[in-house]
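Everything on this sheet refers to the single structure shown next.
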Amino acid sequence: MNTQTKKLSKLTLFAYGCGDFASNLCWTFVGSYLSVFYTDVVGMAPAVASAIMLIAKIWDGVNDPMFGAIAERTNTKWGRFRPYILFGAPILAVLSVLTFTTLGKGSGAVIYAAVTYIGCGMMYTVVNLSYGSLSTVMTSDLDDIARLNSYRMMGTNLSSVLLNAITAPLLMKFSGGEGYTAGAYTKVAVLFAICALPLFYFVYTMCKETIIPPKSSTKVSVGTSIKSVLSNKPLMLVFLIQLLAMTAFFGRMGVVIYYLMYNVQRFDLIAAFMSLPSLCTVIGIFVTMSFTVKIGKKKMARIGYIGSGTSLILIYAVGATVGYTNIPLLLALHCLYGFFCFSFPIPMAMIPDAINYQEDKTGVRSDGTSYATVSLSTKFGSAFGVSGGLLIMGATGYVANAQQTPAALNGINLTVNLIFGILFLCCLIPLQIYPLDEKKNEEILQSLEKKRAENAQ
């Protein structure tokens, strides 16, 4: 196996970060606004919208590992993963627009919504999994891998800042100032899709695959790759950490709009409440990047999860005790929550460590399948979080486009803040069990380099 030890340039790191910026121009809009589009525009019951999202993620459980195995066995002049970015990005852009179109109301609209959402999720897998897997084959330098994932998360959150700052005003403008119309959602989706495409091609151009697996790796059966991944204890723990964290993060992202619309009731501040936490996450990642390298991924992740969970519990407590009129306090706590989300790139930086661990232990390197497995946790987390949130809100009395009862308002606050805050704290359990640290990772990398040198002779 050839390895790349030369430090990646700032331009390459920046280009890599643009990948998730592009992905989230499509996917964050889906994650943040699709549930309210389904319930308040298309007119679906919360339980129906929840069912669509769950069915889509059950399919992802089959689709994602299957595609990961296909991708890592791909052999083209463009590389293993880059061609899927090249050819998949336009299809993802189109499907992200179709997801925010409607065939009216009734059973036909529900079927159309399910087909377009599932299709969009499949293409997101093709493009984003391939993009994410690039970090495992661009360099073998552990610090650079950590930086790649930090730049990736900065791209994620900068796109969230942009989307959250401009989406609500754009929806209002395209709707003519009276609520949010179906046509307005479609126009915003088109705008974001057009902006995303050149960024995907920037990633394709600048991010090269330099780590080439031995030819024997491509001959390993899919079953062997999957078995190797499932027996990889560190990777399975990363999966569990990410599942809990993403359920909390994307679950809250998908339902926080209800909290802002019905509890806070400040439509003029929706953009601020949704964009400032993402901006604070970018600041947090930038401030803590060097600390992550110095004191270790595990310790910094622990600090982040404690901070995120505690911040959300405090937001819940403010609403439950003194109400929602203290806007400066609520904004400050949301910003604090956003800052502690600096921990989000850390599990992704653990994936290459787990891949190296398994290769050193078994001789099997499964980049695509490993990444697909952990990526699946993000999709499951998004579906479980949003669908679970909608079900709890429905059970506590939420009715779309209506004056909410005190019980319904408490259910929204409970869902958006307390439950997801507790989930962040639950991340500490698998994190404590995770066996790899920086010293162990260096030992594994040295062992692999020795084996690779011997095989090359």
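Can you compute the helix-only [θ] at 222 nm over the chain? Use -39500 (n - 2.57) per DSSP H run of at least 4 residues, normalise by all residues, nearest 500 deg cm²/dmol. List each step's numbers first, then the result.
Details: 19 runs with 342 residues, N = 457.
Rounded to the nearest 500, it is -25500 deg cm²/dmol.
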Original post:
So how far apart, in nm, are the two label points at residue 230 and residue 194 if each is 7 Å from Cα heading toward Cβ?
Top reply: 4.7
Original post:
By average Cβ neighbour count within 10 Å, what is the ranking of 223-236, 128-141 from highest down?
Top reply: 128-141, 223-236
**OP:** Sort 442, 449 so the one with the fewest other Cβ atoms within 10 Å of its own Cβ comes first.
**Re:** 442, 449
Original post:
Going 7 Å from the Cα of residue 182 toward and past its Cβ, which residues in the range 22-53 have a backbone nitrogen under 14 Å from where you end up?
Top reply: 37-44
Original post:
Could you state the number of Å between the C-alpha centres of the range 189-208 and the range 404-454?
Top reply: 29
**OP:** Give the calculated FRET efficiency between residue 329 and residue 166 to the nearest 0.05, with a Förster radius of 25 Å applied to their Cβ-Cβ distance.
**Re:** 0.45
Original post:
Helix 345-362: angle to the longest alpha-carbon principal axis of the chain, degrees 0 to 90, nearest 10?
Top reply: 30
Original post:
Across 5 Å bins from the origin, how do the percents of Cα pairs in the range 265-343 run, short distances first?
Top reply: 3, 16, 23, 22, 16, 10, 6, 3, 1
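For the chain, calculate the relative contact order in percent as a whole number, restricting contacts to Cα pairs under 8 Å that are 6 or more residues apart.
Numbers: 717 pairs, mean separation 121.9, N = 457.
Relative contact order comes out at 27 percent.
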Subject >> Net charge over other residues, Cβ less than 14 angstrom from the Cβ of residue 37 (K, R count +1; D, E count -1) >> reply: +1
**OP:** Determine, at each q value in 0.07, 0.14 (inverse angstroms), the log₁₀ of I(q)/I(0) that the Debye formula gives when each Cα of the chain is one equal point scatterer.
**Re:** -0.33, -1.34
Original post:
Distance in nm between label sites at residue 206 and residue 322, each 7 Å beyond Cα in the beta-carbon direction?
Top reply: 4.4
Subject >> Packing-based exposure ordering (other Cβ within 10 Å, fewest first) of 313, 52 >> reply: 313, 52
Original post:
Applying the Karplus parametrisation 6.51 cos²θ - 1.76 cosθ + 1.60 with θ = phi - 60° to the phi angles of the range 381-387, what ³J(HN,Hα) value in whole Hz is obtained for each residue in order, glycine and proline being reported as x?
Top reply: x, 4, 5, 4, x, 5, 5
Original post:
For the residue pair residue 109 and residue 91, what label-to-label distance in nm results when each label sits 7 Å from Cα along the Cα-to-beta-carbon direction?
Top reply: 2.9
Subject >> Phi-based couplings in Hz for the range 412-421 (Karplus 6.51, -1.76, 1.60; Gly and Pro marked x) >> reply: 5, 4, 4, 5, 5, 10, 5, 4, 6, x
Original post:
Residue by residue through the range 133-138, which ³J(HN,Hα) values in whole Hz follow from phi under the Karplus form 6.51 cos²θ - 1.76 cosθ + 1.60 (θ = phi - 60°), with glycine and proline marked x?
Top reply: 5, 4, 5, 7, 10, 8
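For residue 443 and residue 283, calculate 0.36 nm times their separation in residues minus their Cα-Cα distance, and state this gained length in nm to one decimal. Don't skip to the end; give the middle numbers.
Values: separation 160, 0.36 × 160 = 57.60 nm, distance 3.23 nm.
Extra length from residue 443 to residue 283 when fully extended: 54.4 nm.
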**OP:** Would you please give the FRET efficiency between residue 143 and residue 59, computed as 1/(1 + (r/R0)^6) with r the Cβ-Cβ distance and R0 = 41 Å, to the nearest 0.05?
**Re:** 0.65
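Here, each number is a calculation from the coordinates, and none is a lab measurement. In this text, all values refer to a predicted model and were calculated from it rather than measured experimentally. Positions of Cβ are backbone-derived with ideal geometry, glycine not excepted, and every protein chain shown enters the neighbour counts.
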